[in-house]
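To keep things clear, I will list the structure first and then write my remarks on it.
Bear in mind that the values in this text are calculations on the coordinates, not laboratory data. All of these numbers come straight from a predicted model, not from anything done at the bench.
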Amino acid sequence: MNIGFIGLGQMGTGMAINLQKAGHALTVYNRTRAKSEALAAHGATAAASVSEASRGEAVITMLADDHAVEAAVLGKGGIVDSLAPGALHISCSTISVALSEKLTSAHAKAGQHFVAAPVFGRPEAAASAKLFVVAAGDSAALALAKPLLDAIGQRTFIVSDTPRLANLVKLSGNFLIASVIEALGEAMALVGKGGVDQHQYLEILTSTLFNAPVYKTYGGLIAGGKFEPAGFAAPLGQKDIRLALAAAETLQVPMPLASLLRDRFLTLLAHGGEKLDWSAIGQLAAKDAGLVRT
């Protein structure tokens, strides 16, 4: 397929490369042109604008937040203005449920297909096409999207014909990951202050009841204090918890743990953690306990 890809951050770059490897003709756009040119050196076409990247059979967006997505899709000369009727937009960004509804309506009015397809996985998973994709949209849109989603991930979960529900699932998943990070940080602070080696403790956890990637990945980062370079920056984690709470308020679902996590992220950011990985909230318990890393 002739497709556009907008947003070449740590995640988007790996995804775009895998689409190229799968044989799709790629036109890429990023606000920092050097990132587009890096892919152009490997056969992609570097676009000068969102509009130029939105003239194929499909366009994929992988952008940081609601503001960036709304500007790219609904702004003047954006995707809705530029995409042909019957063409497809796949939004892989983690965005609010409210914005997903807005995009669905705008594309429908323009006669375009829309699929919400946020992904689970860190940059290394994006680079190796091992993402897990959560997708929602009507059957025709999902059929068009399938070969593209297959190229970026190891498995696609179709959750609904209503796009916003894919975004709800993604936000709930990120809430759970952040909850694990916070719980790991508290548990490691407890055993660490008691004199237990945290790496040994993590081995016990992940060799028994907690043998899951989320515990291995984030437990390792917390035990090692390895929060730079950020695979997923702390401000993005704070944003996702805020969006989860917004969805919860709309649906009248109390989420006291999410409220705690919001405050933990705000604490991290208030103390200069903007460039740290979001797993750095796991070190806050150690600081609260008076532990000092060597």
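Quick check: from the Cα gyration tensor, does segment 1-90 come out rounded (a/c under 1.5), prolate or oblate?
In terms of gyration-tensor shape, oblate.
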**Asked** Each residue of segment 13-30 in order: what ³J(HN,Hα) in whole Hz does its phi give by Karplus 6.51 cos²θ - 1.76 cosθ + 1.60, θ = phi - 60°, with x for Gly and Pro?
**Response** 4, x, 5, 5, 4, 5, 5, 5, 4, 7, x, 7, 7, 10, 10, 10, 9, 8
**Prompt:** Using modelled amide H (1.01 Å from N, peptide plane; none on Pro or chain starts), what sits under 5 Å from the amide H of PHE232, excluding residues fewer than 5 places away?
**Reply:** TRP278
**Request:** Output the relative contact order of segment 201-282, whole-number percent, from Cα pairs under 8 angstrom with separation of 6+ residues.
**Result:** 41
**Prompt:** So how much slack lies between LYS76 and ALA212, counting 0.36 nm per residue of separation and subtracting their Cα-Cα distance, in nm?
**Reply:** 44.5 nm
**Dmax and Rg, reported as Rg then Dmax, of the chain (C-alpha, Å)** = 19.9, 64
**Prompt:** With θ set to phi - 60° and the Karplus curve 6.51 cos²θ - 1.76 cosθ + 1.60, what are the ³J(HN,Hα) couplings of segment 170-185 in order, to the nearest whole Hz, using x for Gly and Pro?
**Reply:** 4, 5, 5, x, 5, 4, 5, 4, 4, 5, 5, 4, 4, 5, 4, x
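What value does segment 156-213 have for Rg/Rh, both radii from Cα atoms and Rh as Kirkwood defines it? Present the calculation step by step, with values, prior to reporting the outcome.
Numbers: Rg = 16.3 Å, Rh = 13.7 Å.
Using Cα coordinates only, the ratio equals 1.20.
Taking the DSSP beta bridges in the chain as the whole, what percent of them are antiparallel, to the nearest 5? Present the calculation step by step, with values, prior to reporting the outcome.
Working: 4 of 29 bridges.
Around 15 percent antiparallel, to the nearest 5.
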**Prompt:** How large is the helix-only mean residue ellipticity at 222 nm for the chain, computed as the sum of -39500 (n - 2.57) over DSSP H runs with n ≥ 4, divided by its residue count, in deg cm²/dmol to the nearest 500?
**Reply:** -16500 deg cm²/dmol
**Prompt:** Could you give P(r) for segment 109-196, binned at 5 Å from zero, as whole percent values over all Cα-Cα pairs?
**Reply:** 3, 14, 18, 18, 14, 10, 8, 6, 4, 3, 2, 1, 0
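Contact order normalised by length for the chain, with contacts defined as Cα pairs under 8 Å and 6 or more residues apart; what percent is it? Numbers along the way, then the final one.
Numbers: 540 pairs, mean separation 41.9, N = 294.
Relative contact order of the chain: 14 percent.
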**Item:** Degrees between helix 198-207 axis and first principal axis of the chain (Cα, 0 to 90, nearest 10)
**Value:** 60
**Message:** Using amide H atoms built in the peptide plane, which far-off residues or other-chain residues are under 5 Å from ILE60 H to H?
**Reply:** GLY4, PHE5, ILE6, ILE90
**Message:** Using the Karplus curve 6.51 cos²θ - 1.76 cosθ + 1.60 with θ = phi - 60°, what ³J(HN,Hα) values do you get for each residue of segment 89-97, in whole Hz, with x for Gly and Pro?
**Reply:** 10, 10, 9, 9, 6, 8, 10, 5, 4
**Item:** Gyration tensor verdict on segment 2-162 (Cα atoms; rounded if a/c is under 1.5, prolate if a/b is larger than b/c, oblate otherwise)
**Value:** rounded
**Fill in**
Under 5 Å from the placed amide H of ALA135, counting only residues 5+ away or on other chains, we find PHE157, ILE158, VAL159
